[in-house]
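> Handing you a structure now.
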Amino acid sequence: MASVKLTKVKKVYDNKVVAVHDFDLDIKDKEFVVFVGPSGCGKSTTLRMIAGLEDISDGTVEIDGEVVNDLQPKDRGIAMVFQNYALYPHMTVYDNIAFSLRLQKVPEDVIYEKVTNAAEILGITDYLLRKPRALSGGQRQRVAIGRAMVRNSKVFLMDEPLSNLDAKLRNQMRAEIILLRQKLDTTFIYVTHDQTEAMTLADRIVIMKDGFIMQVGTPEECFDMPKNLFVAEFIGAPKMNVLKTELIKEGGKYYVKPFGVKIEVDGEKGEKLAKKQAAAGEVILGVRPEHIVLAKEGQTGAIPCVLEVNEMMGSELHLHVYTEDGTRLIVRVPTIDLTAAQRENMVTGHKLFITFEGKVMHFFDPETEKNLLTD
Amino acid sequence: MNETLEKRHMGLKASRTISNTLIYIILIVMSVVWLIPFICIVLQSFRVESTWQVGYVVPQQWGWDNYKALWNSDFKRWYLNTFIIALVVAVLQTVIVLCMSYTLSRFRFKLRDGLMRFMLILGMFPGMLTMIILYRVLKDLGLTQANAVPGLILVYVASSGMGYYVSKGFFDTIPKSLDEAARIDGATRAQVLTKIILPLAKPIVIYTILTAFMGPWGDFVFARYVSFGTSAGMNVAVGMYSWLQLDQIGQKYTMFCAGGVIVAIPVTILFMCLQKYYVEGVTGGAVKG
Amino acid sequence: MKRYSDLEFLKLSKGQKFLYKLQSFFAAIPRAIGRFFLAIGRLFKNIGLGIGREFADIFNTFKEGDWKTRVSFLVMGFGSMARGQVLRGLMFLLFEAVFIFYMVTAGGYWMSMLPSLGKIGPHQEYNAVLDAYTTAYGDNSFKILLYGVLTMFFIVAFIYTWRLNVKQNKIAQEYLRSGRRLKSSGDDLRSLVDEQFYKTLLALPLTGILVFTVMPIVFMILVAFTNYDGSHDGYNNALFGWQGLANFRTMLTWTGGGGVNYSATFGEILTWTLIWAFFATFTNYFLGMFVAMMINKKGIRLKKLWRTILVLTIAIPQFISLLYVSKMFAKNGIVNGLLLNLGWISKAIDFWGSTAHNGLLPRVMVIVINIWIGIPYLMLIATGILMNIPADLYESSRIDGANAWQQYTKITLPYMLFITGPYLLTSFTGNMNNFNVIYLLTGGAPTNAAASGAAGSVGYTDLLVTWLFKITTGAEAQYYLASVVGILVFLVVAVISLVVYNVLPSIKNEEDFQ
């Protein structure tokens, strides 16, 4: 039950490699914050600095208003779940969960109470006398969480806790973490490389790259208003289509001309562009696959293209197409929108037309890769 | 087509039978070659008709004479010396090796790499070289000749920190996240070692104890230096070596065989019981380099 | 030389590829040597710069320090105590007190004698009581050298501690300035089982290594520059003194005909040592691997029995098996006895004494018996590694059409060599110094008449270490020569290790097989 504040936190390794650059973040009490980014972006390092497993080269970490830079991990009031669970192989599940309490010299009857309680919540009561190697991945994960639960810590740290599970189990555990969070009602910091996990779990997402924070915001903000091209491409699956094009200003209105087709930037986006007095010129245009729709030949704004691969996902099709100038795009079409005949036609080499509306477009500066519409 | 196929299959089977037979023959021959010296030792230790080397293996007269002679010689003393040394060294050396290897595996301190490189270089000096000075130092301390036992223990244990490679390699395979989890759970580094790492490192602890225990039974050179001809300070290797020198071999050859049997039995039994751990340590050590 | 791109290289024929690789290897040598010297140069530069920085830092600490810090320059630990870190301060102060006490009472004397290694040797002195001349003993060169070295160690430790004490003051001042709390004595003690636990753990092992390995080695290196031997033992018969490089000159210069030709002897023994190490290492290695593969072959039964029989021989202390085997092959040993009884030979074979062809027979014998000793051990190692080779490598190679021999040369052997590369190196250097096998089997015999003018009696199977041992025993022990030999052995081992480490694939491409 605590806030966590990082001020200008920096990590420099012995070989002068900077893993984390001036990291500033204010995590509110009971907030669920997810650090997300590709491997090597410094997200785990940051988490480990909060935990005290990694020295802080510069800056301060505060937990509950207290600077913890010089504190040992055990004195920081944190609990942590590791990617490979880090269960003690020679101890039973019960002993694993009780380990921290025993170190604190908590009386055995209190330990019994707490451990069985946690086991109850996690549904592992039947396995308390087993050794970790006799458990499945999901069960191990639960034990790891149980071990963290009994510590009554102020901050709950999770380092890629789901990445060793198979896809199905991962979805299930994700839901359980949401439930757990409601029960524990404490501050969570969660590290993952999977944007889906980040989107579904987080109150706020911190997207990182090469040791820098790219964006901090709610899942909606990151999805709707990515601050830069990196965030735009990282959040959302399949990933956003990007292409270089020209932004044209005519009579107070803005147009783009991808593939020789002129499309007006209308709606909210157009208003914003006008308000910012955006200059005409080269821009990077981003369109999410789900915002591209199939068009009829001859329709205004219809872009001709050829189907390369059709991925049938069940509820939707991911169409990989290329346009006349060879640009590859991904289009996401709900299966329900197509007739059976249309679906049968969707084979490699099929010619089709696509289009998209102005209001779904994202614009990025080709130099700085920053979103033209954010401040 | 079918016929040739069949022939091929037949060929495969036949060649396998031939090669397996060949292997069995080789293995049997090898086993004989490897065991013969030990069988000879045992047989000759029961020979009573002569104490000299002879041109046959099976004794003409059997008896316990050689063992009785052992009992009446200084052998008892040597045996006890060696046993005490082996026991103490096994304990102390294990503690030191484990301290060293745990530290080098788990801590990243400023001088760590330098220290490891330094020890690598130290290891390139022939150990023989330091014996002269160590002998003189022990002599000044009064730990030679009749007092050779504590002297030998001191020297064996003191430098044992250099032999950390095998167990460090083993510690390196224990995931570091276990340490980290334990430290978050509130364990100090010392508790991490005693409550997490050591229970997990049982095989290598046993390996270390076993090798430390076996070492002193075979040490010859330094032990000879330190005991310096005083029978009371000798270990079995030094004492029994003298029995095979020209002036004694005529009377003591079969006694040597009997002594060899007595020395080999406990060590071999211990070794056979803990063989599993020994194999683990040896293979791990060689792979880690 | 011309460099090919990857695609060009692929087009070359087998021979051309080999030539190209050879060429590139040799072309890389000058650069490697250059790099080596550059690295050494850099090292010295860094050391120089580091020392400069240290002095600057000490000076700055004094300039910017408060009076507590400044007093600490003389009274160690004063600053720490004044700032409440009593335990630390006391330790510093105690160390200083012990150091000063030692230097005044003993250290100063040893240091002052070190340049001469003693002035008054044993001499005849008139004894008024006995009314006769008796031998009086003077200085003790051995002790002077020994305690001189110890005192130097102590001085270095003191300088380091003093520097630490100065640094502590600086850090403490900075801490207090920025408003952070200093560690209390309790914190210091607690940290010794926690973040500084390594210091606790290393204290004992490193002290042992320092006193019983480093110190003797330093001492013996110094002995190489003296004339310490049986007739100059430093106390009882005569002092010994510094000789400069004279001993190295004796050992390494070619004296041609007359006199004792040390360099020739050394060269001869070194050659045999290297030959021995090569054969001892590789015969064991390949035969051990072969045995392991036989036992592991599918369809061979009683695997455990075969393995146990071999492993049994590891358990039995080497001195028993080696001494016994050595006697088995003696002139009147059981082997000769049996062969004579069977009538296969008419005269006992002198396995250990034959000097024909530079002692070829005994030399072969020690290698063969070493195989007997070594195979079980290698068999164990090879078994462990063979089991770790992923089975799918064999399966895919079988589908690709490889036969057993090809599987061995293309998969098993490269894998084994890769994994055991470092082991082979240590085993090679270990065999160079394999005292036990040689000494217990032959004791270096048979005597090499040609070389035996040199110190000790040199035999055909003598390794450098057994020779070294012989030089140091007996009344004519020439310790200084032994030291020179020891240093040379070190150099040979170091050079071999350095070269091998730099070409070993396991170190260069660590990830290849993982």
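Where a number appears in this text, it was derived from the coordinates with a stated rule and is not lab data. These numbers were taken from a predicted model, which means no experiment stands behind them. A quick note on method: Cβ atoms are made from the backbone with ideal geometry, for glycine too, and the neighbour counts reach across all protein chains shown.
> Obtain the nm distance between the two label points defined at C:Leu19 and A:Thr200 by a simple spin-label model: each point lies 7 Å from its Cα along the Cα-to-C-beta direction.
Between C:Leu19 and A:Thr200, the label points sit 6.3 nm apart.
> Under a point spin-label approximation (7 Å from Cα along Cα-to-Cβ), what is the A:Arg343-C:Ile399 distance to one decimal in nm?
3.4
> How many angstrom separate the Cα center of the stretch C:76-92 from the Cα center of the stretch A:302-369?
75
> What area, in nm² and to one decimal, does the C-alpha convex hull of chain B cast on average over all directions?
Projected area, direction-averaged: 25.0 nm².
> Based on the Cα gyration tensor of the stretch C:220-332, what are the three equivalent ellipsoid semi-axes, each the root of five times an eigenvalue, rounded to whole Å and given largest first?
The equivalent ellipsoid of the stretch C:220-332 has semi-axes of 48, 20, 15 Å.
> So how tilted is helix A:267-276 from the main axis of chain A? Cα-based, degrees 0 to 90, rounded to 10.
Computed tilt is about 90 degrees.
> Taking each full run of DSSP H in chain C as one helix, which ones are at least 20 Å long along their axis (Cα atoms) and have mean Kyte-Doolittle hydropathy of at least 1.0?
Once both thresholds are applied, what remains is C:86-102, C:262-296, C:356-388, C:479-503.
> Now for a different question. Rank-order C:28-39, B:84-95, A:42-53 by packing density, defined as the average count of other C-beta atoms within 10 Å over each peptide's residues, highest first.
Taking the mean over residues of other Cβ atoms within 10 Å, the ranking is A:42-53, B:84-95, C:28-39.
> Please report A:Thr200, C:Thr134 as a ranked list, fewest other C-beta atoms within 10 angstrom at the top and most at the bottom.
Ranked by crowding around the Cβ, least crowded first: C:Thr134, A:Thr200.
> Another question, if that's okay. Between C:Arg163 and C:Val495, 0.36 nm times their residue separation minus their Cα-Cα distance comes to what?
116.0 nm
> R0 = 56 Å: FRET efficiency of C:Arg181 with C:Leu10, Cβ-based, nearest 0.05? Display every interim value, and only then the final one.
Details: r = 66 Å, r/R0 = 1.18.
In this case the efficiency is close to 0.25.
> If you average the sequence gap of Cα pairs under 8 Å that are 6 or more apart and divide by the length of chain C, what percent do you get for the contact order?
Contact order relative to length: 14 percent.
> Over the stretch C:65-244, consider all pairs of different Cα atoms and compute the Kirkwood hydrodynamic radius from their mean reciprocal separation; express it in Å, one decimal.
19.7
> Hey, what angle do you get for helix A:167-184 against the long axis of chain A, alpha-carbon based, 0 to 90 degrees rounded to 10?
60
> Going by Cα centres, the stretch A:188-250 and the stretch B:176-243 are how many Å apart?
Going from one Cα centre to the other spans 56 Å.
> If you don't mind, another one. What average number of partner chain Cβ atoms lie no more than 10 Å from the Cβ of the residues making up C:420-428?
Average per residue, whole number: 3.
> Okay, next question. Which of A:Asn241, A:Asn117, A:Asn15 moves the most in a Gaussian network model of chain A with Cα springs under 10 Å?
Comparing A:Asn241, A:Asn117, A:Asn15 in the GNM, the peak value goes to A:Asn15.
> In whole angstrom, how long is each semi-axis of the equivalent ellipsoid of the stretch C:162-249, when you take the square root of 5 times every eigenvalue of its Cα gyration tensor and sort them from largest down?
So the three semi-axes of the stretch C:162-249 are 48, 17, 11 Å.
> Say the dipole of the stretch A:100-244 comes from +1 at the beta carbon of Lys and Arg and -1 at that of Asp and Glu; which of A:Val191, A:Thr116, A:Ala134 then lies farthest toward its positive end?
Value computed over the given set: A:Ala134.
> I need to check one value: relative contact order of the stretch B:1-127, counting alpha carbon pairs closer than 8 Å and at least 6 residues apart, in percent.
That works out to 12 percent.
> Can you give the FRET efficiency to the nearest 0.05 for B:Phe228 and B:Asn72, using r as the Cβ-Cβ distance and R₀ = 25 Å?
The value I calculate is 0.55.
> Classify chain C: rounded, prolate or oblate, from the alpha-carbon gyration tensor (a ≥ b ≥ c, eigenvalue square roots; a/c under 1.5 rounded; otherwise prolate if a/b is larger than b/c)?
On the way: a/c = 2.05, a/b = 1.28, b/c = 1.61.
Because a/c hits 1.5 or more and a/b fails to exceed b/c, chain C counts as oblate.
> Please say if the stretch B:21-177 is rounded, prolate or oblate, where rounded means a/c under 1.5 for a ≥ b ≥ c the square roots of the C-alpha gyration tensor eigenvalues, and otherwise the choice is prolate for a/b larger than b/c and oblate otherwise?
oblate
> Next question. What number, rounded to the nearest 500 deg cm²/dmol, is the helix-based mean residue ellipticity at 222 nm of chain C, given -39500 (n - 2.57) per DSSP H run of at least four residues and division by all its residues?
Helices in chain C give a 222 nm mean residue ellipticity of -22000 deg cm²/dmol.
> Can you give the FRET efficiency to the nearest 0.05 for C:Val129 and B:Val91, using r as the Cβ-Cβ distance and R₀ = 41 Å?
The formula returns an efficiency of 0.20 here.
> Take the alpha carbon gyration tensor of the stretch B:137-289, find the square roots of its eigenvalues, order them as a ≥ b ≥ c, and report rounded if a/c is under 1.5; if not, report prolate when a/b exceeds b/c, else oblate.
prolate
> If you average the alpha carbon positions of the stretch A:1-51 and of the stretch C:328-405, how far apart do those two centres end up, in angstrom?
61
> Okay, moving on. Going through the DSSP H helices of chain B, which span 18 Å or more along their own axis at the Cα atoms while scoring at least 0.0 as a mean Kyte-Doolittle hydropathy?
Long hydrophobic helices here: B:2-45, B:75-106, B:128-140, B:202-218, B:249-273.
> For the stretch C:6-58, count all C-alpha to C-alpha pairs, find those more than 17 Å apart, and express that count as a whole percent of the total.
Of all Cα-Cα distances in the stretch C:6-58, 61 percent exceed 17 Å.
> From the residues A:Ile263, A:Ile303, A:Leu352, which one has its Cα farthest along the dipole of the stretch A:250-359 in the positive direction, the dipole being from +1 and -1 charges on Cβ of Lys/Arg and Asp/Glu about the Cα centre?
Result: A:Ile263.
> Still on this model: For chain B, what relative contact order do you get, as a whole percent, if you take Cα pairs closer than 8 Å and at least 6 residues apart?
Answer for chain B is 31 percent.
> Once fully extended, how much extra length lies between A:Ala134 and A:Lys272, figured as 0.36 nm per residue of separation less the alpha-carbon to alpha-carbon distance?
Between A:Ala134 and A:Lys272, full extension yields an extra 43.8 nm.
> A further question follows. Which peptide among C:264-273, C:295-304 comes first, and what is the full order, when sorted by highest mean count of other Cβ atoms within 10 Å?
Top of the packing list down: C:264-273, C:295-304.
> Please state, as a whole number in µm²/s, the translational diffusion coefficient that the Stokes-Einstein equation yields for the protein assembly as shown at 10 °C and 1.306 mPa s, with Rh defined as the Kirkwood radius across alpha carbon pairs. The partial results should precede the final answer.
Working: Rh = 36.8 Å.
Calculated translational D: 43 µm²/s.
> What does the structure give for C:42-49 when I average, per residue, the other chain Cβ atoms found within 10 Å of the residue Cβ?
Mean partner-chain Cβ count within 10 Å for C:42-49: 0.
> With each pseudo-label sitting 7 Å past Cα toward Cβ, what's the C:Glu54-A:Glu246 distance in nm, one decimal?
Here the answer is 7.0 nm between the modelled labels.
> Provide A:Asp194, A:Asp185 in ascending order of the number of other Cβ atoms located within 10 Å of each residue's Cβ, fewest first.
Arranged by neighbour count, lowest to highest, A:Asp194, A:Asp185 become A:Asp185, A:Asp194.
> In peptide C:330-342, what is the residue-averaged number of other protein chain Cβ atoms found within 10 Å of each Cβ?
Counting Cβ atoms of other protein chains within 10 Å of each residue's Cβ and averaging gives 3.
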